[in-house]
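Here is the structure we will look at.
What follows draws every value from the coordinates through simple rules; no lab data is involved. Only a predicted model underlies this, so the values are computations on that prediction, with no experimental measurement involved. Here the Cβ positions follow ideal geometry from the backbone for every residue, glycine too, while neighbour counts run over all protein chains shown.
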Amino acid sequence: MTSIRVIIASFLLLLGAGFSTSFAQAPKKPNAADIRLALEKLNVLGSVLYLAAHPDDENTRLIAYLANERKYRTGYLSLTRGDGGQNLIGPEIREELGIIRTQELLQARRTDGGEQFFSRANDFGFSKNPAETFTIWDKEQVLADAVWVIRKFRPDVIITRFSPQPSGTHGHHTASAVIAMEAFDAAADPKRFPEQLKTVEPWQAKRLLWNTSSFFYSQNQKFDASDKLMIDTGVYNPLLGRSYNEIAAQSRSMHKSQGFGSSGTRGEAVEYFEFLKGAGAKTDFAEGVNTSWSRVPGSNEVAKLLKEALKKYEAANPAASVPALLKANAALVKLPASYWKTVKQQELQDVIKACLGLYLEASSVRDYSVSPGEPVVLSLEAVNRSPVPVTLTKVDYLFANRDTTLQQKLEASKPWIARTTVAIPASTPYSQPYWLRETGTTGMFRVDDPALIGLPENPAAAQVRLHLTVQGQPFAFTVPVVYKRTDPVEGEQYRPFEITPPVFVNITEKVYVFADAQPKPVTVRVRAGKEQVDGQVALRLPDGWRSEPATASFNLPQKGEEQSFTFMVYPGAAQTESVISATVTTKGRTYSQSLKTIEYPHIPTQTLLPEAVAKAVKLDLKRKGQHIGYLMGAGDEVPASLQQIGYAVDQLHVGELSAAALQKYDAVVVGVRAYNTLERLKFQQPQLMQYVQNGGTLVVQYNVSNGLVTPNVGPYSIKLSNDRVTVEDSEVRFLKPNHPVLNSPNKITEQDFRGWVQERGLYFPNQWAPEYEAILSANDPGETPKEGGLLVAKYGKGYYVYTGYSFFRELPAGVPGAYRLFVNLLSLGK
């Protein structure tokens, strides 16, 4: 029974070994230094798992050091995908931001040499303590996921980024350390999560450590390094031509949506470790861990041959190492099944491939996507760039259960290129990210297939396995089908190959807000996912609502062709929050998937297939004024929300602000974090203040206190803080119940603060000049009141408003009360 579990676990491990590989990337082309480093890694049998809460919590310097200097198999388990953060590069938030940050982490791991894992926990936003976190996360599920990754990855040492003791940091942070503490024991206990033991075995890591530093100690606490384990990670690696500080800066700079661009440093960089659990250590974090081949019974011959191959390696002629590596492979194959046999077989196979200069690729010729049941035209390429005899014996099309047998000698530098057409089976699932396929909860993604848990992204939609013999020894290399094209400017470009529906239907807006009984146009775009698609498109509406027309016909001869249809939607009489959904029917089948593409130059293009739905809100809303000027901040969708309720919104540019030009606007709004991201605001701030003084209304949304381009964000002194109210249904108290903000043109009541999402607000000011009036008060359970979330000051003839309440989340989410309150802010002085 044990051997069967090991074999199954080994198969899963091979899948896991590809966790850090992007299926969108070009085939790897390792250079002589890469090969040398890989040869050195073959002689090290050790593994370390780093564990934290969010994508940007990882210690890239330590990961780079462990993977490349110590040559351990190094993984990072981020419990969440960072969905609850802010986006500094675009409008995507929530699940779409999670997609971006997932890919940024994968790019970071390609840079520093680590591997990437995730749990099913959803980053629901800021949490002040682990107790609150675990009321939203399903702790047992998160723990099960951590145990699953530990049992598959089998780390010798586990390292946490945070302490399990609450210390005023993000609740997710402390919760991640609590999970690590419990998973350390649970992974070794066969009574915990026994369902996992069908495919993996219990695993006990040697020790659990906290990667600490002076950062985690308050001013009243002294950081004492004398009782800590220490590592200098600032080492220079001549093979890579960089120090681990420099590699870490490149890796960290992949977190572009968080604004974490970093500059490399050189020289000593000490990391500190505090013991948490397991076997103690006095000199090194891996003390007592056997990282040699002696941990694998019967491996003496393998170890000897690999050391000889490393010793005789010629950087100018890597192919000369192939005979010795083949002998090592033959010896390794004879060993009994084990974790390290599986890991090192994969590594050794990759090194042999690199030494041969073997290039293998399967690419879609016509397009990056195809629908189930449709054919895909593939181009296959195999090139042996060495004098070592290699023969291609079979090609398996794993996605179609089809293969081709041949005996094709791959002579040195003579490409074998073949083109073939293979049908995608009709049962093939769409390429929707696996954690978004089903509806989860606020705190957890739903994943029904246990084998997918932990993976950073979907396995490749289609894979091809090429079987070869190298001097008589059999090898099999699995490559993803990719889409490749030549851009006239950028050159060779790759993107993932995907399986998509034959037709998409997109509703152009996320939210439709009906402030009265008048109909609104709802525009729907139908796009062909294959050639020759026709049928009917329709809206599904709340009870009592109707559309004109009820349905419309479409005919799309070409793949990628679109048609737009506008339905006039008449709301019902009652105030309501519901949804509008769109469907298309073609050839007797109904489809409801929309198409969302996320494109940024630093990550592979991502395709999402969410349901075609939009929130529909009917509310009682009065407004004053019509013309709004909007200065965009970071990741801001508020302008579209204002247009939904009838405002004319002009996007302003920071370099063109002038008090005279702004006078035409009934109000001017400054987007979130604008004072953190728009450098020229420090020069243009006087123009905004002059606009207010002349009688204008200026609404400034939240900024963070660090990195302000000017400390003078308002007409009077105001000090931003880290104060926030994270519980979205916390009580909101009216400090100035008679103030116009709470009464005109809409009477604000307690009802208007129901149904808010993710949080009340963030980065509230905690000090302000007496000219400001604090309008609202709120706080999380057990905390003191926070009264700086909405400040209003009369300045000259106009009004200045600073708000930390999260309108940037609430308005795009269609929260009725947030609309009513924001309209009142814009209506001040009217």
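This structure gives Rg and Dmax of the Cα atoms in Å, computed directly, and of (1) 29.4, 88; (2) 28.7, 94; (3) 30.7, 106 that value is listed as (1).
What is the log10 of I(q)/I(0) for the range 627-826, computed with the Debye formula using one identical point scatterer on each Cα and no solvent, at q = 0.08, 0.14, 0.19 Å⁻¹? These q points yield log10 I(q)/I(0) values of -0.23, -0.75, -1.52. For the chain, a simple Cβ point-charge model (Lys and Arg +1, Asp and Glu -1, everything else neutral) yields a dipole of about 1340 debye relative to the Cα centre. Determine the distance separating the Cα centre of the range 556-624 from the Cα centre of the range 40-92; give it in Å without decimals. Spelled out, the Cα-based centre of one part sits 36 Å from the other.
Exposure proxy shown here: for GLU759, GLU58, GLU656, GLU381, the number of other Cβ atoms within 10 Å sets the order, fewest to most, as GLU656, GLU381, GLU759, GLU58.
Adding -39500 (n - 2.57) for every DSSP H run of four residues or longer, then dividing by how many residues the chain holds, sets the calculated 222 nm ellipticity at -6500 deg cm²/dmol. For ASP123, the residues 5 or more places off, or on other chains, whose built amide H falls under 5 Å of its own are ARG81, GLY82, ASP83, GLY84.
Computed over the range 519-569, the quotient of the alpha carbon radius of gyration and 2.2 N^0.38 Å is 1.25. Fewest neighbouring Cβ atoms within 10 Å first, the residues ILE100, ILE453, ILE89 line up as ILE89, ILE453, ILE100. Across the range 73-117, counting alpha-carbon atoms alone, Rg and Dmax equal 11.2, 36 Å.
By the count of other C-beta atoms within 10 Å, a proxy for reagent exposure, THR291, THR80 are ordered fewest to most as THR291, THR80.
Mean projected area of the Cα convex hull of the range 156-243, taken over all directions, amounts to 9.1 nm². I want to verify the translational diffusion coefficient of the range 46-291 in µm²/s; compute it with Stokes-Einstein, Rh as the Kirkwood radius over Cα pairs, at 25 °C and 0.890 mPa s. Calculated translational D: 134 µm²/s.
Here the spin labels are modelled as points 7 Å beyond Cα on the Cα-Cβ line, and at ARG465 and GLU611 they lie 3.7 nm apart. For LYS664, the lysines whose Cα comes closer than 25 Å to its Cα, not counting residues fewer than 8 places off in the same chain, are LYS622, LYS624, LYS682, LYS794, LYS797, LYS830. Each part reduced to its alpha carbon centroid, the range 225-286 and the range 302-332 end up 31 Å apart.
Beyond 31 Å in Cα-Cα separation lie the following of the pairs LYS29/LYS139; LYS198/LYS530; LYS128/LYS256; LYS152/LYS559; LYS191/LYS256; LYS530/LYS618: LYS29/LYS139; LYS198/LYS530; LYS152/LYS559; LYS191/LYS256; LYS530/LYS618. Across all directions, the shadow cast by the convex hull of the range 649-748 built on its C-alpha atoms averages 7.9 square nanometres.
Model label points for VAL365 and LEU398, set 7 angstrom from Cα along the Cα-to-Cβ axis, are 2.4 nm apart. Rg/Rh for the range 503-618 (Cα atoms only, Rh after Kirkwood) is 1.02.
For ARG242, the amide hydrogen comes within under 5 Å of the amide hydrogens of ASN237, counting only partners 5 or more places away or on other chains and with H modelled in the peptide plane.
The string of couplings for the range 669-674 from the Karplus curve (6.51, -1.76, 1.60, θ = phi - 60°) is 10, 9, x, 4, 6, 4 Hz, one whole number per residue in order, with x for Gly and Pro.
Taking θ as phi - 60° and the Karplus parameters 6.51, -1.76 and 1.60, the scalar couplings of the range 730-740 work out to 5, 5, 10, 9, 8, 7, 10, x, 9, 5, x Hz in sequence order, x denoting glycine and proline. When the range 97-165 is described by a simple charge dipole with +1 on each Lys and Arg Cβ and -1 on each Asp and Glu Cβ, the residue from ALA121, VAL147, THR133 located farthest towards its positive end is VAL147. Of the beta bridges in the chain, as assigned by DSSP with both residues counted there, near 70 percent are antiparallel.
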